[in-house]
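Inspection log for the structure reproduced underneath, given as structure tokens.
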Amino acid sequence: MLPKTLLSRGALLAHQTGLECSFSFKSATLGPRIQRAMSSVNIPPPACMLRPLEVPYRYLFGPGPSNVPPRILAAGARPIIGHLHTEMYEIMNDIKRGIQYAFQTNNHMTLAMSGSGHTAMECAVFNTVEPGESVLVSINGVWGERVAEIAERMGAKVHTMVKSPGGYFTTEEIEKALAKHKPVLFFLTHGESSAGLAHPVDNVGDLCLRHNCLFLVDSVASLGASPLLMDQQKIDILYTGSQKALNAPPGTAPISFNERACHKMFNRKIKPVSYLLDMTHLSNYWGNDSKSAREYHHTGPGLENSWRQHREVAEYLWKGIEDLGLKLFIKDKDLRLPSVTTIAIPDGYDWKELLAYMMKHHQVEMTGGLGPSIGMVIRVGLMGYNCSKFNADKALTALADALKHCPKRRG
């Protein structure tokens, strides 16, 4: 409860201010009103509001988010400007060019969603699929499961191709399913972080084009860490997240639509189920609803260096893991996701105890599986700012220490 003296002083101050500002209320009426309003505040401010925020430093070596470079953290502390200011439009244009570079696309309809990767996932499905239309979803981990549910909720006829975590789909299997179900949209996860798989995407875009189907790819865990070329690989819709290899805080989801996707999106019979994610409005705000000259974007050294670094650090980590006597979950080296490594849970150990020990004694975060891979793997993420051999050694040291001190039970 606030002190009565504070309440009465506040009422008096408000009363005097009202007179000085020449309000038309009579002083006899204004005072009691303010006193009643002030006296209704019977919940005191919480103690947490009276002390500065303290956040411990952690080594985020899980599947994301990853640690953010100081330069990016400093940029987030710059002054706020209006969302309709000229300078904001210039910043948005720069962001768009950056996404086009990272995606390796000339698509005019390129933008950043406000939200997590799920936001872009829903945006892609909601805008390109109408109720009753056929959708084909490849499921070899948690992300395909979620797309299938999103499409089902908005009334699509969902067909699935399912494999266990770590499995991948051949082009023959994909083409057979496309011919059978005749979908308007086919979904594939490029970086399946729940299993640590980098799924091949070459030639899949050609199959979708042949079967008059849009090709939607999730690259949240892979973009910037593993080569992906939207235009060359004929991906119709591509999205990612900001919090992994892109070195940014969570909360932004870059997405791009090519002309085929735009034609389907803007020739709907009914409006999308979400107003917030309706690309009719979003494209206008990002200045994408009018044609403009396109510039050629070639693969620059920054992106190629990022791919190379993620691969080199991943291979260094993989060797260190095997030297500890642990087994990698994805057997085929070429199918491993460089940004998220999955370790088969060692026999006799409780994976939760291993993770808790590393967090408590090393301030190192790793995680278990997700969705169908729960209880099967431990996930180690070294991406973006965290992608270095120094951090790989730190992760390996924490793992070795956990294996040494956590109890091993006999089977």
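Here is how the numbers come out for the structure above:
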| quantity | calculated |
| --- | --- |
| Crossing angle, helix 301-323 versus the chain [Cα axis fit, 0-90 degrees, rounded to tens] | 70 degrees |
| Rounded to 5, percent antiparallel among DSSP beta bridges of segment 169-302 | 40 percent |
| Contact order normalised by residue count of the chain, Cα under 8 Å, 6+ apart, percent | 21 percent |
| Extension gain (nm, one decimal) between Val41 and Asn284, 0.36 nm per residue minus Cα-Cα | 83.1 nm |
| Within the chain: Cβ-based charge dipole about Cα centre, in debye rounded to nearest 20 (Lys, Arg +1; Asp, Glu -1) | 1160 debye |
| Distance between modelled label sites at Arg97 and Glu172, nm, 7 Å Cα→Cβ extension | 4.7 nm |
| Flagged links, alpha-carbon separation over 18 Å, of Lys176/Lys269; Lys360/Lys394; Lys244/Lys319 | Lys176/Lys269; Lys244/Lys319 |
| Backbone N within segment 319-336 under 17 Å of label point (7 Å from Ala400 Cα along the Cβ vector) | 319-327 |
| Accessible surface of the chain, 1.4 Å probe, proportion on carbon and sulfur as whole % | 56 percent |
| Solvent-free Debye scattering, log10 I(q)/I(0), computed from the Cα coordinates of the chain at q = 0.15 Å⁻¹ | -1.33 |
| Per residue, in Å², the accessible surface of segment 335-404 once ligands and nucleic acids are set aside, probe 1.4 Å | 38 Å² |
| Cut-off of 10 Å, at most 13 other beta carbons, DSSP loop: longest stretch of the chain lacking such chymotrypsin sites (Phe, Trp or Tyr not before Pro) | 58-274 |
| Percent antiparallel among DSSP beta bridges (both partners in the chain, rounded to 5) | 50 percent |
| Farthest positive-ward along the chain dipole, Cα basis, beta-carbon charges - from Thr119, Ser226, Ser164 | Thr119 |
| Heavy-atom surface of segment 113-154, accessible at 1.4 Å and reported per residue (Å²) | 30 Å² |
| For the chain, calculated [θ]222 nm from helices alone, where every DSSP H run of n ≥ 4 adds -39500 (n - 2.57) | -12500 deg cm²/dmol |
| Stretch gain in nm, segment Glu152-Ser274, where the contour uses 0.36 nm per residue and the Cα spacing is subtracted | 42.5 nm |
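The values are calculated or read from the model by the stated rules, or taken from the named source; none is laboratory data. Since this is a predicted model, take the numbers as computed values, not measurements. Every residue, glycine as well, gets a Cβ built from its backbone with ideal geometry; the counts of neighbours run over all protein chains shown. Note: accessible area is taken over every heavy atom of the protein model, side chains too, but ligands, DNA and RNA are not part of it. Shrake-Rupley method; radii C 1.70, N 1.55, O 1.52, S 1.80 Å.
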